[in-house]
Structure formats: structure tokens, C-alpha cells
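J.: Have a look at the structure that comes next, please.
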Amino acid sequence: MEALLGSTISTTFPFSFPIARPSLRSSPSLPITPTRSQRAAITAVAPGNFRRPQASSDPSASSSTDTLVASSGEPSKMKAWVYDEYGDVSVLRAEDGVLVPQVEEDQVLVKVVAAALNPVDFKRMQGKFKATDSPLPTIPGYDVAGIVVKVGSQVKNLKEGDEVYGDINEKALENPKQSGSLAEFTAVEEKLLALKPQKIDFAQAAGLPLAIETAYEGLEKAGFSAGKTILVLGGAGGVGSLVIQVAKQVLGASRVAATASTGKLELLKSLGVDLAIDYTKENFEDLPEKFDVVFDTVGQGDRAVKAVKEGGSVVVLTGAVTPPGFRFVVTSDGASLTKLNPFIEEGKIKPVVDPKGPFPFSQVVEAFTYLETGRATGKVVIYPIP
């Protein structure tokens, strides 16, 4: 069960604007750097630049609607994906005239360069968290990587021009932000962000925050420490691929086992797995070996408890919980990302971006549809964002 955290942004969305669905384009290749149109927008919101950004020759930029810049130097309107009713992907639409969210005193305004999707995004869109969701309409998106263009009065450590990444919602299921990361700009509390590691690009960084915080904090909650063993269910997924690496490279696991389908076993081994289990051919709970911790990312809690040692822990993210399993819901915290940054810089933790991506901003519907199949490898990333 994912967490949808956040504070409410007092924002009005002018959704009477005509919708222009961009044409589909092929995905760009890595490495990722901000496009010229993104840099133009960043320049436009810097102090003293009170102008509309000039038209860009970059193919990712739309000539139909430029980012508007108010006389105060702040962007006025932006492109975003929105929905104003719950449902499947058909409720999503592209808008050109959405107001940029206001920046509170503890927040920064981020020019979004890349974003990523998580299962919680489509579950929220389907209305599974209506009781605690923020009011509609909604701009979806939790994970962000981008550049700070404005800071609130109480912001202490970040400054304009900083390259940052993070999960913009502190509590995923408790009043998540109305204005998410699938837009040109998003407002985020400073405490939820960290400086982007220089070794990775924006697309890779966007795929990390919610997943790696879930991995790290979930392992801490389970009491995982050096010398212990772990079984990861769903090792090739966005969270699972990072549980493997955090357990092995950060916390010193003595042995890591993980499940995946036949075609993804080599990926598991490349991430540091000692025992790669093909779930299409064998049942992990029937193995004689038992583990100190089982980390269930796929909702197999009833089987997971059969693979844990007596006195061990089972971390359950989704599905039913069977004792001694426990439900874990992540709390977004930029400090966790900062703590993990050195391991990313050293190449000990490697982001896994699904090879079908990154999906361009025009293909958010396709990206959601793909994520819902459950067949993604690593993270589904959206780049470039105009």
C-alpha cells in the first residue's frame, strides 16, 4: 500500500482551455539533460527576467502555448496532465493553461525536467483513496527531478539553480498534493527534496525517490542489518530492484534472493542477487532456505510468511497482511535521499529505467497504460517535460 503524502496547495485550475493532444513521438535516448525549451523557461523565471520565453527550436517544445511569465517574475501558466473525475486513463487530458501552484514559505518551485509514475498514481486516479485525497481536479505525479527556480522565505539550504529530486508528497495517502509532478512546474517542501547526484541524469533521478525511500525505510523498519539475509518478491520492479541494492550495498546483506520472470533473472544477478528465483518455474516458499527478512512488493503476503525465519520480518507493501508480516507505508524525506546520494555517486546503487522509456510528455496516457500491466522493469519515467 503506497503512501500519498502532501500538503494542500491553494490553486485554481482554469480547465476551460481547449485541449490539444500532442502527437506521439519516439522516446529520446539517454543521457538526459534539460532541453533548450526547459532552460529557456528557467531563465525566464529568474529574477529580473519578466518576459515570455522565446520560441525554441527543440522538437519537445510546443509552439501552441508558451509558459507565461507574470510581472512578478513568476511563471503564470503551464502545461500539465490533469483529471477532474476518477476513472481509468480515459479521464487524463493535456491542458495548456493551468495555473502554476503557489509557493509556500517552506517550499521551492521546481521546473520539472523529468517525472516518474508509481502504482499509487493510477490507484489514486481510480479513486481508491477518495476519503483522504485532496480535492479534484488533480495533476498526478509523485516523483520529480528538476531545477529550483524560486524559494520560499523560510527555505534555508536550497537556492535557485539547484538540481534536485524527490517525492513531493510526505504522506502518500494523506491529502496528497493537488498539483503533482506531471506538469512544467511543481511546488515542493524543501525537506522532501535532495540535491540530484551528479553521476545520474534527470530521467534516472526521477525514477528513484518514492521507490528508494520505500526500500530504505522499509528495511530499517524491519530491523535489517549487516550479515542478515533477505528475499525480495518482485525483484525486477521499481521498488524491488532498489531493495536488492540497498540491502546489499548499503546495509551489508550477507545473502540476497529475489523473484522475477525468466527473462529478468540476469537483471537480478547484475543488481547483486545471489539467488535468482524464476517464479514461473518454482515456488519460493517451498525452498528449504529461509530468510531473516522477506520484502513483498507484489502482494503475496500469505506465501511470504512461509519463507521467513522464526523471529524474522515480512514487509508488505500491497495486498493482505499475514502475521508476522506488517504493512509498510513510506514517509517521504529528503534526508533519506541525501544519505543515499554517496552510494549513487559511487555507482553502488544504479537506477533502473524501463527500456520502453523514457516516455515523452505527450505519451503520459501510454505510460500509465503500460504501468498498469504490471510488466514494467524498474521505473516508468516521463521525459522530456516541456
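Every number in this text was worked out from the coordinates using simple rules, so none of it is lab data. Please read these numbers as outputs of a predicted model, since none were measured by experiment. Counting neighbours? That spans all protein chains shown, and the Cβs are built from the backbone with ideal geometry, glycine included.
J.: Over region 99-175, what is the relative contact order in percent, taking alpha-carbon pairs closer than 8 angstrom and at least six residues apart?
T.: That works out to 38 percent.
J.: For region 219-262 and region 142-201, what is the separation of their C-alpha centers, rounded to whole Å?
T.: 27
J.: Would you list, by chain and number, the aspartates and glutamates whose Cα falls below 16 Å from the Cα of LYS196, excluding same-chain residues fewer than 8 positions away?
T.: ASP143, GLU160, ASP162, GLU163, ASP167, GLU213, ASP333, GLU345, GLU346
J.: Relative contact order for region 210-327 using alpha-carbon pairs under 8 Å, separation at least 6, rounded to a whole percent?
T.: Numbers: 253 pairs, mean separation 26.3, N = 118.
Relative contact order of region 210-327: 22 percent.
J.: Another question, then. Below 19 Å, Cα to Cα, which lysines can LYS290 reach? Residues fewer than 8 away in the same chain don't count.
T.: Those lysines meeting the cut-off are LYS228, LYS248, LYS281, LYS306, LYS309.
J.: Okay, moving on. So which lysines can LYS130 reach, going by Cα to Cα under 29 Å and dropping same-chain residues fewer than 8 places off?
T.: LYS77, LYS79, LYS111, LYS171, LYS177, LYS191, LYS221, LYS379
J.: Filter the GluC sites (Glu not before Pro) in region 199-252 to those in DSSP coil with at most 10 other Cβ atoms within 10 Å of their Cβ, and list the result. Can you show the working numbers first?
T.: Values: sites: GLU213, GLU217, GLU220; in loops: none.
Filter output for region 199-252: empty list.
J.: When you count, for each residue, the other Cβ atoms within 10 Å and take the mean per peptide, how do 301-311, 118-128 rank with the highest first? Walk me through the numbers on the way to the answer.
T.: On the way: 301-311: 16.6, 118-128: 20.5.
The peptides rank, most packed first, as 118-128, 301-311.
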